[in-house]
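Visitor: After the structure tokens below, expect a handful of questions from me.
The values are calculated or read from the model by the stated rules, or taken from the named source; none is laboratory data. Bear in mind the structure is a predicted one, so any value in this text is a computation, not a measurement. Cβ placement follows ideal geometry from the backbone for every residue including glycine, while neighbour counts extend to all protein chains displayed. All accessible areas refer to the heavy atoms of the entire protein, side chains included, with ligands and DNA or RNA removed. Shrake-Rupley method; radii C 1.70, N 1.55, O 1.52, S 1.80 Å.
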Amino acid sequence: MNVCPSLKWDKETDTRIGRRVNKGSLTKVHNSAWSKTVTSHTETELRGKVVWVTGASSGIGEELAYQLSKIGAFLAISARREDELERVKKKCLQISTLTEKDILVLRLDLTDRSSHEAATNSVIKHFGKIDVLVNNGGRSQRSLFMDTNLDVYSAIMELNYLGTISLTKHVLKHMIERKRGKIVTVSSVMGIMGAPLASGYCASKHALQGFFNSLRTELTDYPEISIINICPGPVQSKIIQNVFTENLAKSLENSGDQSHKMPTDRCVRLTLVSTANDLKEAWISDHPYLAVCYLWQYAPTWAWWLMNRMGKRRIQNFKSGVDADASYSRKTK
């Protein structure tokens, strides 16, 4: 039995590194043959599965739909913008062998919790089952606490946390009846650490981490139901363009250059590898963010010191109109 599994990528050698504690021993493999084996296993594990992806109209959710369709998974894709979902479905059909009936477009507002049961029933009615739920819907934040209205914090928790666990509750009931399934939640490295300009977002991701780690312990009688937390670092997606700011009516004026962040397709590929292998938690990030995660885990005093220094730079970046994380990224123009 694998416990405490994690996954990371060695960018310098462009090879996949898998680490897991197995019966008390640490094993490490890192070569192209292993990469091919993992890719094959991922495709075999997810091909023909019914996967419901929320937040599928852009960013990580959109890329998940594309990669899953290529693998041959049957898709339910959800978000608030139905026209964007139709665009995603059209591309999925173009790049895969899936047919119209293999992809269900289902408009969903995570904050409308009264609609979640009916939405779940719609997916089950269409496909007969749900094998994997990917909780990907949510929004980030760029504002300082003292400048931010409290209703912003309420909206963040309603969307990122309460909306997610509400949908999970309905899907989990179905999975318990079948005694199998995977619930994958796209959390964040911000669910492991804390950072300025994102206090509400961090709180929502810490809440998700605590909830799903607790839920996993309630499901020990169902060993075929996996609870998987994915913690990406900064990713090249549209999440920054749609962040919460200091008040609900205001949008971010300048999202800054995003090219220094991890490509979305790479993040999604590692997410699917983690899902196929039932990793309880995966940190998917470049340095320095990945290194900071390890510091928070094993040397929190050092992490607090470092984050205070990085935090000042993050705020300076934000106030000067560039991406908050730009100046200490390894990828610079």
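Okay, residues lined up against (1) of a type in the set (A, V, I, L, M); (2) not in a helix (DSSP H, G or I):
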| residue | (1), (2) |
| --- | --- |
| Ser259 | no, yes |
| Cys267 | no, no |
| Thr275 | no, no |
| Leu279 | yes, yes |
| Leu290 | yes, no |
| Thr301 | no, no |
| Trp304 | no, no |
| Met307 | yes, no |
| Arg313 | no, no |
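Visitor: I'd like the residue in region 173-190 that is closer than 18 Å to Pro223 by Cβ and within 16 Å of the chain's Cα centre (by Cα) and, out of all such residues, is surrounded by the most Cβ atoms within 10 Å (Cβ to Cβ).
Guide: Val184
Visitor: Just a yes or no: is a residue in region 238-253 part of a loop (DSSP other than H, G, I, E, B) and among the aromatic types (Phe, Trp, Tyr)? Outline the logic, then answer.
Guide: Filtering region 238-253 down to residues part of a loop (DSSP other than H, G, I, E, B) leaves 243, 245-253.
Subset that is among the aromatic types (Phe, Trp, Tyr): none.
For region 238-253, residues part of a loop (DSSP other than H, G, I, E, B) and among the aromatic types (Phe, Trp, Tyr): absent.
Visitor: Please go through region 159-172 and pick out each residue that is within 12 Å of Leu133 (Cα to Cα) and open to solvent by 10 Å² or more (accessible area, probe 1.4 Å). Spell out how you get there, then give the answer.
Guide: First, pick out the residues of region 159-172 that are within 12 Å of Leu133 (Cα to Cα): 164-165, 167-172.
Within region 159-172, Ile165, Lys169, His170, Leu172 meet the criteria.
Visitor: Still on this model: Tell me yes or no: at least one residue of region 255-268 is more than 19 Å from Val51 (Cα to Cα), out of contact with any His (no Cβ under 9 Å at 6 or more places or on another chain), open to solvent by 70 Å² or more (accessible area, probe 1.4 Å) and not basic (Lys, Arg).
Guide: yes
Visitor: Out of the residues in region 270-322 meeting the condition of being of a type in the set (Lys, Arg) and farther than 30 Å from Arg180 by Cβ, tell me which one is least open to solvent (accessible area, probe 1.4 Å). Break it down stepwise before answering.
Guide: Keep residues of region 270-322 that are of a type in the set (Lys, Arg), which gives 280, 309, 312-314, 319.
Subsequent filtering for residues that are farther than 30 Å from Arg180 by Cβ retains 309, 312-314, 319.
Numbers: Arg309: 150, Lys312: 142, Arg313: 110, Arg314: 6, Lys319: 148 Å².
Per the stated criteria, the residue is Arg314.
Visitor: Still on this structure: Give region 92-149 a look and list any residue that's exposed (fewer than 14 other Cβ atoms within 10 Å of the Cβ), more than 22 Å from Ser166 (Cα to Cα), touching a helix residue (DSSP H, G or I) at 6+ places or on another chain (Cβ under 9 Å) and charged (D, E, K, R), or say none.
Guide: The answer is Glu100, Lys101.
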